[in-house]
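Read-outs: derived from the displayed coordinates by stated rules, not from any lab. The structure presented is a predicted model; accordingly, all values stated were derived computationally and were not measured. Positions of Cβ are generated from backbone atoms using ideal geometry, with glycine treated the same way; all protein chains shown enter the neighbour counts.
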Number of protein chains: 2
Amino acid sequence: MNKILIIEDDPAVSKGLEISLRKENYETLISSDGEKGFLTALKIKPELILLDIMLPGKNGFDICKDLRLSGYNFPIIMLSDKAEEADKVIGLELGADDYVTKPFSIRELVARIKAILRRRSVIKNDFDIFKFDDVTLDFAKMEAVKGDQKIEMSLKEYEIMKYFIGHEGNVVSRNDLLNEVWGYDNFPTTRTVDNYILMLRKKIETNPSSPKHIITYHSAGYKFVK
Amino acid sequence: MNKILIIEDDPAVSKGLEISLRKENYETLISSDGEKGFLTALKIKPELILLDIMLPGKNGFDICKDLRLSGYNFPIIMLSDKAEEADKVIGLELGADDYVTKPFSIRELVARIKAILRRRSVIKNDFDIFKFDDVTLDFAKMEAVKGDQKIEMSLKEYEIMKYFIGHEGNVVSRNDLLNEVWGYDNFPTTRTVDNYILMLRKKIETNPSSPKHIITYHSAGYKFVK
DNA sequence: TTCAATTGTCACAGTTTTGTAAAAAATGTG
DNA sequence: CACATTTTTTACAAAACTGTGACAATTGAA
């Protein structure tokens, strides 16, 4: 269950948010004071924080900054009365994930929250060992086994598998892979990806020519399934 | 072109809104009666509704609730005479997006409308799963099911469905589809669209020859309904 | 009712995308 | 530097998808 902390002194806004979020099955907490909200966040470690900027006690910018400094690593969405571009930049610089100007549509803010949490839940699980079928991948040791046979895999192959596993069941485009595994700077052809797929299939598939785990989605990408 | 429905019985207010909104290039419709306004909303599917609370025929709260229940998914802004906190909460609870207390500044309301519509256009297409009838479309997984039967769909078919769903209830011209799904550079015949419609109907309609979800509007285009 | 325009339907051909292997380039290692 | 390993490109074959044209059916207007 996702806990969301709302730090907001206008009860109309916080109540409205609470109602909408409860409807979506999130647990909510409300703080109407900056200082208290900050301490609550540290104690509760909510999955997401909605943070007003103008607050009694301690302003939203400071809260955001201090939370990040103290290691809080979950998404923060800042709510602001002014549409000042400068504020937005400051907010994002201080480590906010999103910045929403009032008046906002509550239903759409909820949509954003869902989107952010959905994306996050994908990356969240940091695992060392993953098993599927008769394959075991140990990412920490960089050791892989299929059946009783050792598999030799390069670092890049491990990274691709890790990305696939983190997005298990979803179609992943070649560009997603290039961005996430290769990074934004160096950028080989999309065909490079296909070749890695080929190699991975040879290693992890029992029958590489009719793959069960790395499935092609024509003109879209590939999907990993257990 | 964005259509906005104004459900408001005070002609001074509705006229003023109409003039300001027309100036911003919105199409406007006015209903001065609750019941009629509700029916108009269902029929026209406006991009946004401005909804007074005190209305003859049917009050704003009920209209809001019933619209949401019947699947209307666009923003609703409630207009109210009282600044009652409780009312505001009720409004949001019933699925309104925003709540504005009279007397309000028309320029501010217009600003809010623009903000909501702008944001909406950004996140409108941010859903992964969509269900209607006995069909489930999962866009992230590229999986589709009708009844207990898997459906195989190409990427383009998913894209068309996504566009249809984003414009649910509105007639979409072949050129809209060609522009939005195919893009501005490559440009096949409008007949190509018909062919995709044919294929989609075969896949998602229970009885493809008398379709219930993708409806033809002669010399206009197609409309998707849940 | 008739006629012209629009839409439904189908199969085929052309195009694009993907599978595959092998060679070339880059990288790291002692 | 020479070698082994990894990474990327290239080329061709195979597969999947897309767009088109033809003709039938339907619709809307005169």
Cut-off 11 Å, label point 7 angstrom out along Cα-to-Cβ of B:ASP194: give me the residues of the stretch B:203-226 whose amide nitrogen falls inside. B:219
If amide hydrogens are placed 1.01 Å from N in the peptide plane, which non-local residues have theirs closer than 5 Å to the one on A:PHE139? A:ILE129, A:PHE130
Taking 7 Å along the Cα-to-C-beta vector as the label spot, tell me the B:ASP148-B:ARG68 distance in nanometres, rounded to one decimal. 3.5
Modelling each spin label as a point 7 Å along the Cα-to-Cβ direction, I'd like the B:PHE127/A:THR136 distance in nm, to one decimal. 4.4
Non-local residues with an amide H under 5 Å from the amide H of A:TYR99, with H modelled 1.01 Å from N and Pro and chain starts lacking one, are A:MET78
In deg cm²/dmol and to the nearest 500, what is the mean residue ellipticity at 222 nm of the protein assembly as shown if only DSSP H runs of at least 4 residues count, each as -39500 (n - 2.57), divided by the residue total? -12500 deg cm²/dmol
Roughly how many Å is it from the Cα centre of the stretch B:159-226 to that of the stretch A:1-37, as a whole number? 41
For peptides A:215-224, A:10-19, sequence by mean Cβ density within 10 Å, most packed first: A:10-19, A:215-224
Distances in nm from A:LYS36 to the matching label points in the other copies, shortest first (labels 7 Å along Cα to Cβ): 5.0
Once you have the Cα-Cα distance between A:ILE44 and A:ASN175, take 0.36 nm times their residue separation minus that, and quote the gain in nm to one decimal. 43.4 nm
